[in-house]
Amino acid sequence: MVQQRIVGPGAVRAVGRLTIMEITTRPITANETVSFREAIMAGFGEDLDDEDFPPEWFADLIPLDRTVAAFDGDLIVGTLAGFPFEVTVPGGALVPMAGTTVVTVAPTHRRRGVLSTMMREHLDDGVRRGEPLVGLWASESLIYGRFGFGVATEHDEIELDQQRVSVEGDAGSVRFVDVDEAMQLFPPIYDEERRRRPGMLSRSQKWWEHLFQDPRSRRRGFSSLRLALAETAGVGDGYAIYRQKADWETGFPNGTVSVRELIAPTAAAHTGLWRFLSSIDLFPQIKYWNLPVDDALRWKVPDHRRVTRRRWDALYLRILNVVQALEARTYSVDGTLRFTVADAFLPEADGSFELTVAGGGGVCRRIEGTATDLRLDAADLASLYLGGHSAIALAGAGRIRGTHDAVTVAGRMFRGDVEPWCEEVF
Ligand SMILES: CC(C)(COP(=O)(O)OP(=O)(O)OC[C@H]1O[C@@H](n2cnc3c(N)ncnc32)[C@H](O)[C@@H]1OP(=O)(O)O)[C@@H](O)C(=O)NCCC(=O)NCCS
């Protein structure tokens, strides 16, 4: 049997019958990036492919001091890193959020606390940097609750059949652009949408450059990326990035349009892009993996059941600093809420708080003693934070405990006008 114990910050010691194995953790150095990238791919069960996972991606997007590697001797057996994002919160403020990524532990070293140790370092790093939030997309939904992450956004995976769907409403025009023009025109449209929709992430110039890099290995049998710009009165006001795959198996054209991203801050752009995507000859199947849950599309389609939807969990959030996080967002109704947050993984974020909302703005402070009006775990506060979930539903599941009045106030306060959505798996 293998036993383990934590022997100090950043170290896990596992004692086997014949071997003593000590795991240490630290950020990687520049000349360790190749072995770090190899360890990431091995953790996901794949081989390192420089085209699919280019070395520049790492150098451009992940600062070395935001990496955590777990070493068994010289061998990297665990990986984790953070993108320096800003995330939009209700009200439109852009809040620093480490985007946790490339989380892996070698199959030979799992279930010995390696991830727990790396996560502790990662969260401590966020606290040191004064960043109130950490966010991630989970490969499996059971992994991260124990670390205080709660699901904060969801999305709908949709399919349409062009023969059964028509998209109604006024629309502008749509034209193709090349990468150079897209690099100019797409980011401002994206930023306009990002300022109104909680859960969306900042994108650096480098991020856009990597998004448009389109190696064959990422296409999985589909075409290269198509870049479509919507215009109203000659001004770009929306875009769609998609791929196509022809299919003649039945003797009839049955191709698929697969949307990677569609951003349409105006109704005309939204209608124009969806009408365009659902009317391309030979490609009657339209799929989008990531429609916002409050998207207007199905209200523009007379037979709205024909927009088939499957809902998935998306961005998981972890709050590192309750006061800072709660004061960054706005609220739907005024009032006062006293609540206790239980945070088993990060005791410094545990405690009782008072949130007073006036004119939509919140003032939050720690209070003495234990507030009993409302009690919840850190992960459930994170689920409420972007406004995408109902406190009443969480109370119905027994996850939030409290008085009827406090649950009702929390329910109204935290929900927003725009459903949160995260545009990209990272
Ligand atoms: C997920 C992964 C990183 C976990 O690493 P690990 O070092 O085995 O995790 P730990 O030993 O620190 O586990 C901590 C706790 O989480 C639990 N846990 C870990 N992985 C889990 C999983 N996939 N599902 C459910 N629970 C899990 C452990 O049982 C343990 O629970 P305990 O404290 O009650 O004993 C590892 O299994 C892995 O690399 N998986 C493949 C890649 C992947 O999916 N990465 C996540 C990308 S988002």
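The simple Förster model, with R0 at 22 Å and r as the Cβ-Cβ distance, assigns SER139 and HIS210 a FRET efficiency of 0.60. With the simple spin-label model, which puts each label point 7 Å out from Cα in the Cβ direction, the SER279 to ASN254 separation comes to 2.5 nm. Electrostatic bookkeeping for PHE353 treats Lys and Arg as +1 and Asp and Glu as -1; over the other residues with beta carbon under 10 Å from its beta carbon, the sum is +2. Using a Gaussian network model of the chain in which every pair of alpha carbons under 10 angstrom is joined by a spring, one finds that among TRP207, TRP274, TRP289 the greatest mean-square fluctuation is at TRP207. Distance between the pseudo-spin-label points of ARG412 and LEU94 (7 Å out from Cα toward the beta carbon): 3.4 nm. A Förster radius of 30 Å, combined with the Cβ-Cβ distance separating THR308 from GLU181, puts the computed FRET efficiency at roughly 0.35. Computed from backbone phi, the HN-Hα couplings of region 149-160 come to 8, x, 5, 10, 10, 10, 8, 10, 8, 10, 9, 10 Hz, rounded to whole numbers (Karplus: 6.51 cos²θ - 1.76 cosθ + 1.60, θ = phi - 60°; Gly and Pro given as x). Between ARG110 and THR29, the distance separating the two model label sites (each 7 Å from Cα on the Cα→Cβ line) works out to 3.2 nm. The length gained by stretching the chain between ALA358 and LEU75 to full extension, at 0.36 nm per residue less their Cα-Cα distance, is 96.5 nm. What is the Cα centroid distance between region 311-382 and region 396-416, reported in whole angstrom? Using only Cα atoms, the two centres lie 12 Å from each other. Where is the GNM fluctuation largest for the chain (alpha-carbon springs, 10 angstrom cutoff): ALA30, ALA42, ALA358? Residue with maximal mean-square fluctuation among ALA30, ALA42, ALA358: ALA30. Candidate cross-link partners of LYS287 among the lysines, defined by an alpha-carbon separation under 21 Å and a same-chain spacing of 8 or more, comprise LYS245, LYS300.
Read-outs: derived from the displayed coordinates by stated rules, not from any lab. Here the structure is a predicted model, which is why all the values come from computation and not from measurement. Heads up, the Cβs are rebuilt from the backbone with ideal geometry, glycines too, and the neighbour counts pull from every protein chain shown.
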